[in-house]
Amino acid sequence: MDINESYRKLIDGNKKFALEKKFDDPEYFKKLSLGQTPEYLWIGCSDSRVPANEITSTQSGEMFVHRNIANLVIHTDFNALSVISYAIDVLKVKHIIVCGHYGCGGVRAAMTNTANGFVDNWLRHIKDVYNKYEFELDAITDFDKRADRLVELNVIEQVRNLAKTKVVQRAWSNRTLQVHGWVYGLNSGLVKDLNVMLDGQIDIDEIYHYKF
């Protein structure tokens, strides 16, 4: 497939999508244009094999989505924080899901000492997670299994990072908001709930608590 054909595939695919939706429901796009009321914020990896709506069988308008390499929540990332703030304060989501995936290229790259260019600045945050759990991880001799465990630990740490943000804690002070950690299996198509749900300041160290 040449470059023009590759691009045209997207335009043709969009026409097919629009026709199918209108066939199923002539009012579909009219209803969609009236606004969104998603109950979920999805923070996932940019990997093209992990589409949030597809793997959760949700429709357009049901899930607000933010994606980056290795699904990180960093307290200086104003892009992610703006998405989180809008999802909580304006859309009033009830759940935030941090979803990693086994076989994550960002996680695997962070486990090596290879220089990867500018992305190394981003991967440094995953290296920090590795360093925190070094004793546990180094005890896993198989690289693939060690990488899978780091994927899980990375999700757990990002859930905790979310809980440390002011916007999440402010929401907790006046309503119910749950933060979950999942890992998606590329080989199975199933998500694994890591059972690290947080829903209040009691779940994080006191030094990170905000008073409102």
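Scan the range 91-133 residue by residue and report those that are out of contact with any strand residue (DSSP E or B) (no Cβ under 7 Å at 6 or more places or on another chain), under 17 Å from Leu162 (Cβ atoms) and among the β-branched types (Val, Ile, Thr).
Matches in the range 91-133: Ile126, Val129.
Pick from the range 8-50 the residues that are hydroxyl-bearing (Ser, Thr, Tyr) and surrounded by 12 or more Cβ atoms within 10 Å (Cβ to Cβ): which of them is nearest to Val159 (Cα to Cα)?
Within the range 8-50, the subset hydroxyl-bearing (Ser, Thr, Tyr) is 28, 33, 37, 40, 46, 48.
Add one more test, that the residue is surrounded by 12 or more Cβ atoms within 10 Å (Cβ to Cβ), and what stays is 28, 40, 46.
Numbers: Tyr28: 34, Tyr40: 15, Ser46: 17 Å.
Once the filter is applied, the top-ranked residue is Tyr40.
When the residues of the range 61-95 are narrowed to those that are charged (D, E, K, R) and touching a Lys or Arg at 6+ places or on another chain (Cβ under 9 Å), which ends up farthest from Gly35 (Cα to Cα)? Even if it seems obvious, please write down each step before you answer.
Of all residues in the range 61-95, those charged (D, E, K, R) come to 62, 67, 77, 89, 92, 94.
Applying the additional criterion that residues be touching a Lys or Arg at 6+ places or on another chain (Cβ under 9 Å) yields 89, 92, 94.
Working: Asp89: 16, Lys92: 13, Lys94: 17 Å.
The qualifying residue farthest from Gly35 (Cα to Cα) is Lys94.
Restricting to helices (runs of 4 or more DSSP H) lying wholly in the range 50-151: which have 3 or more residues that are within 30 Å of Arg170 (Cβ to Cβ)? Show your work before the answer.
On the way: elements: 52-56, 78-85, 105-110, 120-132, 134-138.
In the range 50-151, 52-56, 78-85, 120-132 are the helices (runs of 4 or more DSSP H) which contain 3 or more residues that are within 30 Å of Arg170 (Cβ to Cβ).
Counting only residues that are of a type in the set (Val, Ile, Thr) and surrounded by fewer than 16 Cβ atoms within 10 Å (Cβ to Cβ), which one in the range 116-146 is farthest from the chain's Cα centre (by Cα)? Before the answer, list the steps.
Restricting attention to the range 116-146, the residues satisfying the condition of being of a type in the set (Val, Ile, Thr) are 119, 126, 129, 140-141.
Applying the additional criterion that residues be surrounded by fewer than 16 Cβ atoms within 10 Å (Cβ to Cβ) yields 119, 140-141.
Numbers: Val119: 18, Ile140: 26, Thr141: 28 Å.
Only one residue fits best here, namely Thr141.
What are the residues in the range 191-200 that are closer than 12 Å to Gly100 by Cα and either at pLDDT below 95 or not in a strand (DSSP E or B) (or both), if any? Step through it out loud before you land on a result.
Applying the first criterion (closer than 12 Å to Gly100 by Cα) to the range 191-200 yields 191-194.
Across the range 191-200, the qualifying residue is only Leu194.
The values are calculated or read from the model by the stated rules, or taken from the named source; none is laboratory data. Computed from a prediction, not measured in an experiment: that's the story for all the values here. Reconstructed Cβ throughout: ideal geometry from the backbone, glycine too, with neighbour counts over all protein chains shown.
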